[in-house]
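Structure first, commentary second.
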Amino acid sequence: MKLKELREKTKLSQTAFGDTLGVSGKSIYLIEAGRMKLSKKLSDRISEVYGEFVEPAERKARKAVAKAEKKADKAATAAAEAVLDTEEKVERRKRRTKAAVQADKPSAEMAGEAVAAVVEKGAGKARRGRKKVEAAVVEKAAAKVLPAMVIQSPLGGEITPEEIYAKIGEADAIYVRVDQNKAYWVRGEESGAVDLW
């Protein structure tokens with residue numbers, strides 16, 4: 001069980017929950033936000049007071065990242081194999097067409113142009129397919145990792161990375177300042193900020 005889940009189950013604020021455990025509300029906030037590790041002493045105190053074992057979020061996050069990376073590697077391998085299969089099909093078609101051209105000398109010039117068009121079209125599709133697959137793999141891997149992350153305001157609001165991306169759109173870099181209620185972004189030469197809550 002996560003610390004936040006236990007706190008919400010008890011219907012206590014971070015400050016009140018911290019008071020029952022002998023720590024500050026800010027410490028509870030930092031642990032829930034993943035910015036401070038849950039100590040063994042505090043974990044034992046939680047078990048003693050509430051009879052629940054709270055697993056540090058960091059371990060779960062590492063497991064989620066490792067699992068997502070493994071799936072992304074598997075998907076990337078499958079995508080690369082699919083692209084190679086497409087390229088091999090194009091090459092086979094090219095060889096068959098060349099053989100047909102040699103067998104039919106009078107229309108060799110027209111067939112040569114047809115071969116070039118077919119090969120170029122197939123190669124273009126293969127390149128576009130490879131780019132789409134690579135983008136999908138990266139997006140899928142990111143999607144698997146990001147849902148485990150929640151950014152929490154000192155005032156109690158929460159926001160996920162997906163919600164931040166929805167506000168900002170594509171960016172080269174994003175820097176979040178919860179104390180200023182802002183997410184700063186950089187996209188090429190442009191930069192700006194949006195309110196988080």
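For region 28-53, taking the residues that are part of a helix (DSSP H, G or I) and without any contact (Cβ under 8 Å) to a residue 12 or more places away in the chain, the one that is farthest from the chain's Cα centre (by Cα) is identified as 48. Within the set 171, 166, the sole residue that is in a helix (DSSP H, G or I), outside the structural domain of residue 73 (by TED's automatic domain parsing) and either modelled with pLDDT of 75 or more or loosely packed, with under 13 Cβ neighbours inside 10 Å (or both) turns out to be 166.
Scanning region 103-125 turns up no residue that is modelled with pLDDT of 70 or more, loosely packed, with under 11 Cβ neighbours inside 10 Å and not in a helix (DSSP H, G or I).
The values are calculated or read from the model by the stated rules, or taken from the named source; none is laboratory data. The structure displayed is predicted, hence computed values, not measured ones. Neighbour counts are summed over all protein chains in view; Cβ atoms, including those assigned to glycine, are modelled from backbone coordinates with ideal geometry.
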